[in-house]
Amino acid sequence: NIVLEGASERVIVGDLCSDISIGLYVVRGDNVVLIGELELPVHMTRVSVPEIRRAQKAEKDAVDP
């Protein structure tokens, strides 16, 4: 098992991304294949959490009429 302190979830919608803090996170060892940090691709734009939530909602609304 792995305990991550100060963990964050990277949310990507189109060319927008945001890192949302989730704090302490426990991952069962059976589910881990590889762990590492990825750099943000140059074409992506980092936005605030409220902005990425709006983008997620807009994307969901476009798919679910």
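The values are calculated or read from the model by the stated rules, or taken from the named source; none is laboratory data. Fair warning: this is a prediction, and the values are worked out from it, not measured in the lab. Glycine also receives a Cβ, built like all others from the backbone with ideal geometry; neighbour counts cover every protein chain displayed. Ligands, DNA and RNA are stripped out before the accessible areas are found, and what is left, the full protein with its side chains, is counted by its heavy atoms. Shrake-Rupley method; radii C 1.70, N 1.55, O 1.52, S 1.80 Å.
Considering only segment 14-56, how many residues are acidic (Asp, Glu) and over 23 Å from Ile2 (Cβ atoms)?
Looking only at segment 14-56, we keep the residues that are acidic (Asp, Glu), and these are 15, 19, 30, 37, 39, 51.
Remaining after also requiring over 23 Å from Ile2 (Cβ atoms): 15, 51.
Going through segment 14-56 one residue at a time, the tally reaches 2.
When restricted to residues that are open to solvent by less than 70 Å² (accessible area, probe 1.4 Å), in contact (Cβ under 8 Å) with a residue 12 or more places away in the chain and not hydroxyl-bearing (Ser, Thr, Tyr), segment 33-57 contains 7. The number of residues in segment 16-43 that are over 13 Å from the mean Cα position of the chain (by Cα) and part of a loop (DSSP other than H, G, I, E, B) comes to 9.
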